[in-house]
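Asks: Have a look at this one before I ask anything.
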Amino acid sequence: MKPLLSAPLLSVRGLGKRFGARVACQDVYFDLWPGEVLGIVGESGSGKTTLLNCLAGRLAPETGSVTYDSAAYGPVDVHELSEARRRLLSRTEWGFVNQDAREGLRMGVSAGANIGERLMAVGARHYGDIRRTASDWLDRVEIERDRLDDRPTTYSGGMRQRLQIARNLVSRPRLVFMDEPTGGLDVSVQARILDLLRSLVGSLHLSAVLVTHDLGVARLLTHRLMVMQGGAVVEDGLTDQVLDDPQHAYTQMLVASILPV
Amino acid sequence: MTENNAKDGAYNYAYLDEQTKRMIRRAILKAVAVPGYQVPFGGREMPLPYGWGTGGIQVTAAIIGRDDTLKVIDQGADDTTNAVSIRRFFANVAEVATTTRTEEATVIQTRHRVPETPLGEGQILVFQVPIPEPLRMLEPRETETRTLHALSEYGVMQVSLYESIARHGRISKGYNYPVMVNGRYIMSPSPIPKFDNPKLDRSPALQLYGAGREKRIYAVPPYTPVKSLDFDDHPFEIETWQQCCELCGSKDSFLDEMIVDDDGKRLFVCSDTDYCERRRTPAEAAE
């Protein structure tokens, strides 16, 4: 067995991205360790999603590097990889959960086909096996098995989001990027998805980078937190520490702005 | 129109000018070198509408010579309007002999069928292709489909087959059934029935595919493996019929169902007219 803290799974050094003269994010440094969930919080326009897209290889940063410790290839610079490699990595070792499930799902095909796509992309060619795996995953994300052949268009928003999670996790990724996975859902549905994510992260020993503007979500799911403002990381630390004893003025404002219920 | 347009100088030989033919030949050579890869070419306006075989006719024009014997079939038949027109066109502008006999032809331009008579070395089969991109219905972006081909990312094609089984209990695609060429590129075999797919596999004849509207040429060189996509537990199958051909009695050719009177009386006959006729007159065939 490997030592517990062998090497960081994801290692980010001096990452920066601008759009023209606008700075989207700059000077981002962090390490993500196996099994860890890192939250990125901040207001709209603070560069959270741009940073996430740079991490996942969907956007090319101008400065800095993202090093991922791949199970198949060892440590690789995500942005130095060939497109073929990067795409292979992103559908085998990674997952990406979009805020809008429609972007992450194929709306025109059944739930089973959605879950099975990653399996088929890496060579699964047994219909019965694919279907069985897809049903198992529907179970795990708490969708009734008899909805397997229904299209996601017939699903509710919460179910779509859970289907998207299943579709990503079926290939047993090691690292999942999540962009506001509970955004736009009502509170009870949010709670259910958070619950699900928390148990899946634990049972599958997933690492995750989670972007959210909801401090409650961050508190529930993440181990560590980075607070962004205007493209820069203004504070980072253990989630409870950051939320209970915020040091930076902006973080204090964020924490104070949570409505007491 | 005079008797022979090529001779009196009204047109260049085989209708297209020499530069165009060279350009198309270059595309064909590249297509042959990379089996199943869609090579763009500068498609020209042809004297027939898109959808009637403008791609096929340009490929034929680029490869045909005076020594060739041309056969043209449409849905397996030699005597339909499109087949007759294209055959007459080339007889006129390229001064080639034409035939309906499969084994006599050196170039066979076809739409929707592969002849029942096995093809041999030295024969060229030219397909007319309406939609060359097999992933088109699954991924509308051309930039993305090209990337998928380049990276050999074909999960989405399998997804469509999965969906077909989930919905219909079997792979319901009956024509234009996607194939994997030489273990590398997924290719649309043009709208031939899946019945004909096995004939493409390791065929001794050269197969050229021309898509006029989308301006793509692709090819399968002789003896190239062509595999129809399927699942391990839902293997590829071809159509079968209860009946045999009403005219020639063939049990192993592709049958068309025809309604012959107002009472809905139906008849099953070979779609390949040459094959059917030759079976009915064995004496002539032996000549």
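The values are calculated or read from the model by the stated rules, or taken from the named source; none is laboratory data. Model, not experiment: these values are computed from the prediction. FYI the Cβ positions are ideal-geometry reconstructions off the backbone, even for glycines, and counts take in every protein chain you see.
Asks: Condition check: more than 21 Å from B:Tyr185 (Cα to Cα), away from every other protein chain (no Cβ under 14 Å) and loosely packed, with under 14 Cβ neighbours inside 10 Å. Does B:Asp262 satisfy that?
Replies: yes
Asks: A further question follows. Taking A:Ala191, is it among the aliphatic types (A, V, I, L, M), within 14 Å of another protein chain (Cβ to nearest Cβ) and part of a helix (DSSP H, G or I)?
Replies: No, not satisfied.
Asks: Looking only at the range B:131-145, how many residues end up being more than 12 Å from every other protein chain (Cβ to nearest Cβ) and either in a helix (DSSP H, G or I) or among the basic types (Lys, Arg) (or both)?
Replies: Total satisfying the criteria: 5.
Asks: Of the conditions (1) farther than 17 Å from B:Ser164 by Cα; (2) free of Cβ contacts under 8 Å to residues at least 24 places away in the same chain; (3) within 14 Å of chain B (Cβ to nearest Cβ); (4) crowded, with 20+ Cβ neighbours inside 10 Å, A:Arg85 fails just one. Which one is it?
Replies: Unmet condition: (4).
Asks: Restricting to the range B:147-188, name every residue that is within 12 Å of another protein chain (Cβ to nearest Cβ) and farther than 21 Å from A:Arg118 by Cβ.
Replies: Selection gives B:His168, B:Gly169, B:Arg170.
Asks: When you go through (1) surrounded by fewer than 16 Cβ atoms within 10 Å (Cβ to Cβ); (2) within 27 Å of B:Asp256 (Cα to Cα); (3) in contact with a strand residue (DSSP E or B) (Cβ under 7 Å, 6 or more places away or on another chain) one by one for B:Gly51, which number turns out not to apply?
Replies: Every listed condition holds for B:Gly51 apart from (3).
Asks: Please verify whether the range A:205-218 includes one or more residues that are free of Cβ contacts under 8 Å to residues at least 24 places away in the same chain and of a type in the set (Ser, Thr, Tyr).
Replies: Looking through the range A:205-218, none of the residues is free of Cβ contacts under 8 Å to residues at least 24 places away in the same chain and of a type in the set (Ser, Thr, Tyr).
Asks: Follow-up question, since we're still on this one. Run down A:Asp150, A:Asp129, A:Asp139 and say which single residue is free of Cβ contacts under 8 Å to residues at least 40 places away in the same chain and either in contact with an Asp or Glu (Cβ under 7 Å, 6 or more places away or on another chain) or within 14 Å of chain B (Cβ to nearest Cβ) (or both).
Replies: Result: A:Asp129 is the single residue among A:Asp150, A:Asp129, A:Asp139 that is free of Cβ contacts under 8 Å to residues at least 40 places away in the same chain and either in contact with an Asp or Glu (Cβ under 7 Å, 6 or more places away or on another chain) or within 14 Å of chain B (Cβ to nearest Cβ) (or both).
Asks: If you don't mind, another one. Quick check: is even one residue across the range B:223-233 in contact (Cβ under 8 Å) with a residue 24 or more places away in the chain, surrounded by 19 or more Cβ atoms within 10 Å (Cβ to Cβ) and touching a His at 6+ places or on another chain (Cβ under 8 Å)?
Replies: yes
Asks: Sticking with this structure for a sec: Are any of the residues in the range B:37-59 modelled with pLDDT of 90 or more, closer than 26 Å to B:Glu277 by Cβ and in a loop (DSSP other than H, G, I, E, B)?
Replies: yes
Asks: Of the conditions (1) buried (at least 20 other Cβ atoms within 10 Å of the Cβ); (2) under 30 Å from A:Asp27 (Cβ atoms), A:Gly237 fails just one. Which one is it?
Replies: That leaves (1) as the condition not met.
Asks: Give the residue that is farthest from B:Glu142 (Cα to Cα), with candidates limited to residues of the range B:178-215 that are polar (S, T, N, Q) and out of contact with any Phe, Trp or Tyr (no Cβ under 6 Å at 6 or more places or on another chain).
Replies: Of everything passing the filter in the range B:178-215, B:Ser203 is farthest from B:Glu142 (Cα to Cα).
Asks: Go through (1) among the charged types (D, E, K, R); (2) free of Cβ contacts under 8 Å to residues at least 24 places away in the same chain; (3) exposed (fewer than 15 other Cβ atoms within 10 Å of the Cβ) and name the single condition B:Glu239 misses.
Replies: Condition not satisfied by B:Glu239: (2).
Asks: Applying the selection to the range A:25-65, what residues are among the small types (Gly, Ala, Ser) and touching a Leu at 6+ places or on another chain (Cβ under 7 Å)?
Replies: Listed by number, the residues that qualify are A:Gly39, A:Gly64.
Asks: Answer yes or no as to whether B:Leu138 is of a type in the set (A, V, I, L, M, F, W, C), at pLDDT below 95 and under 20 Å from B:Ser190 (Cα atoms).
Replies: The answer is yes for B:Leu138.
Asks: In the range A:53-71, what residues are acidic (Asp, Glu) and crowded, with 18+ Cβ neighbours inside 10 Å?
Replies: A:Asp69
Asks: On to the next question. Picking from B:Val126, B:Val114, which residue would you name as being closer than 27 Å to B:Val84 by Cβ and in a loop (DSSP other than H, G, I, E, B)?
Replies: B:Val114
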